[in-house]
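Reviewing the structure listed below.
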């Protein structure tokens with residue numbers, strides 16, 4: 001009986017040593033080239049996963065975006081260097097007046113000159129002179145000379161196209177004649193305008209800017225006006 005137990009214990013011990021030897025043999029045996037390559041490929045995939053392959057369309061779009069940003073920066077730098085503009089042109093003004101409790105609408109057609117000076121990247125101040133020849137309406141003859149103090153805000157819409165908002169105060173010297181009597185009054189008006197400006201070539205600038213005006217003083221007979229300004233000028 002004892003010999004049978006001893007024989008069983010000996011067989012179990014041999015089986016344990018056999019399993020242990022096979023385990024360490026598999027661990028210490030060199031790996032094949034295929035397993036090494038597969039392991040390196042998987043590691044390479046893990047390392048390259050954060051990066052995205054760019055297509056031709058992506059490269060073209062990125063180039064165009066960079067070019068547009070560079071062009072806009074160059075335009076802003078050029079305008080900051082040449083931050084002055086001078087204009088000459090014509091205007092048509094539709095003005096409303098009130099004399100002797102009667103309201104009249106008169107159209108003035110004249111010339112104008114203006115000057116702008118930039119003091120911030122998108123903001124400039126300016127002065128403007130307008131000549132308004134005499135207009136006959138019933139018994140009244142009306143003539144005006146106007147000087148405006150303005151503040152402009154401009155923003156680029158395209159490579160050579162920009163929009164401009166204008167506000168300020170107009171000082172108008174108003175001359176009114178009725179039969180043999182005449183009077184001259186100083187009128188003040190609030191100005192609000194919006195215009196489009198185009199630079200066709202070099203420093204030349206073409207602009208169109210409507211402006212709405214409302215009288216700040218009502219004792220002079222001046223009420224409201226709406227002007228269409230056509231401008232041709234240069235940046236220097």
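Bear in mind these aren't lab numbers, they're just calculated from the coordinates by the rules spelled out. Computed from a predicted structure; not experimentally measured. FYI the Cβ positions are ideal-geometry reconstructions off the backbone, even for glycines, and counts take in every protein chain you see.
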Response to the item:
Rg (one decimal) and Dmax (whole number) from the Cα set of the stretch 83-235, in Å, equal 16.6, 56
Worksheet entry | Burial order of peptide ranges 199-206, 107-114 (average beta-carbon count within 10 Å, highest first) | 107-114, 199-206
Worksheet item: In whole angstrom, how long is each semi-axis of the equivalent ellipsoid of the stretch 173-236, when you take the square root of 5 times every eigenvalue of its Cα gyration tensor and sort them from largest down?
Response: 34, 14, 9
Worksheet item: What ranking do 131-139, 209-217 get when scored by the average of other Cβ atoms within 10 Å per residue, highest first?
Response: 209-217, 131-139
Practice prompt. Take the stretch 121-161, compute every pairwise Cα distance, and split them into 10 Å bins from 0; I just need the percent in each bin.
Written response: 22, 28, 24, 18, 8, 0
Practice prompt. Could you calculate the contour length gain from residue 117 to residue 69, that is, 0.36 nm times the residue separation minus the distance between their Cα atoms, to one decimal place in nm?
Written response: 14.8 nm
